[in-house]
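Worksheet: one structure, shown below.
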Amino acid sequence: VVAWLKAEMRLMLDEELSRAILIGDGREPDDEDKIDEDHIRPIATDVDMYAHKVTIQSDTSPKDMVKAILRSRHYYKGTGTPTLYTTDQILTDLILDEDKMGRRLYNTEQELASALRVSKIVVVEVMTDAPEVLAIIVNLADYTIGADKGGNVSMFDDFDIDYNQQKYLIETRISGALIKPYSAIAIETAKASSDPGTEDNT
């Protein structure tokens, strides 16, 4: 049971780091567990020199979204063929796109990936917590994670007599960032423009 628990904790640590790398950890700045974005730089919010931003309207059709992604592809200067990270909802909308005869344009995820010029499409569940980020195109080989001498993953356990519990802790000290210019593309959404004839005074 202890071996399983430690493996589960390591998996949860890896998931937390993966989220921080893609979109940030989602915690408030004053949270004591906040992962400093100056130390692990989220790809979605990195400076344009490393992660080119493409903004599309929130009501953009799947067909136009594919076009926007393809037209932005020339900004990618990263290593090899990148991977597209997105949510299951967006992937479903894209793969169900049809022509005027009602036939699906893409029968499989791989067909869609080939059309988008990416090696594969990976569904990232936690990206639903950042609805303004529709997709991220990147080869994570261009994202480097480093650690100093004390940065190894460490596991601690101790018995808490006050609660009669055996407690376990896993921790690490690392930093990470994209190291190659224009090695990622972040597809973001913008709200549709309001009617210019109306005014909101709230």
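The values are calculated or read from the model by the stated rules, or taken from the named source; none is laboratory data. Owing to the predicted nature of the structure, the values given are computational and were not obtained by experimental measurement. Neighbour counts are summed over all protein chains in view; Cβ atoms, including those assigned to glycine, are modelled from backbone coordinates with ideal geometry. SASA here: full protein model, heavy atoms, side chains in, ligands and nucleic acids out. Shrake-Rupley method; radii C 1.70, N 1.55, O 1.52, S 1.80 Å.
Values as computed for the structure displayed
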{"quantity": "Choice from LYS149, LYS67, LYS53 showing the highest fluctuation, given a GNM over the chain with Cα pairs closer than 10 Å", "calculated": "LYS149"}
{"quantity": "Listed residues PRO42, PRO62, PRO29, most fluctuating in the chain (Gaussian network, C-alpha, under 10 Å)", "calculated": "PRO29"}
{"quantity": "Segment 36-82: translational diffusion in µm²/s, Stokes-Einstein, Kirkwood Rh over Cα pairs, 25 °C, 0.890 mPa s", "calculated": "196 µm²/s"}
{"quantity": "Crossing angle, helix 2-22 versus the chain [Cα axis fit, 0-90 degrees, rounded to tens]", "calculated": "40 degrees"}
{"quantity": "Partner lysines for LYS63 [C-alpha distance under 16 Å; skip if fewer than 8 residues away on the same chain]", "calculated": "LYS100"}
{"quantity": "For GLN57, residues with placed amide H under 5 Å, excluding near neighbours", "calculated": "ALA190"}
{"quantity": "Kirkwood-based shape ratio for segment 1-124, expressed as Rg/Rh from alpha carbons", "calculated": "1.05"}
{"quantity": "Candidate aspartates and glutamates for bridging to LYS6, where Cα separation is under 16 Å - those fewer than 8 sequence places away on the same chain excluded", "calculated": "ASP14, GLU15, GLU16, ASP157, ASP158, GLU171"}
{"quantity": "Surface share of carbon and sulfur [accessible, 1.4 angstrom probe, percent] for the chain", "calculated": "50 percent"}
{"quantity": "Förster radius 30 Å - calculated FRET efficiency between GLU15 and ASP97 (Cβ-Cβ, nearest 0.05)", "calculated": "0.50"}
{"quantity": "Helix 62-72 axis, angle to the chain major axis (alpha carbon atoms, nearest 10°)", "calculated": "80 degrees"}
{"quantity": "Alpha-carbon centroid distance for the pair segment 31-50 / segment 84-114, whole angstrom", "calculated": "30 Å"}
{"quantity": "Long pairs among LYS77/LYS120; LYS53/LYS77; LYS67/LYS180, criterion Cα-Cα beyond 21 Å", "calculated": "LYS67/LYS180"}
{"quantity": "Peptide ranges 157-167, 138-148, 177-187 listed from the most packed, as the mean C-beta count within 10 angstrom indicates", "calculated": "177-187, 138-148, 157-167"}
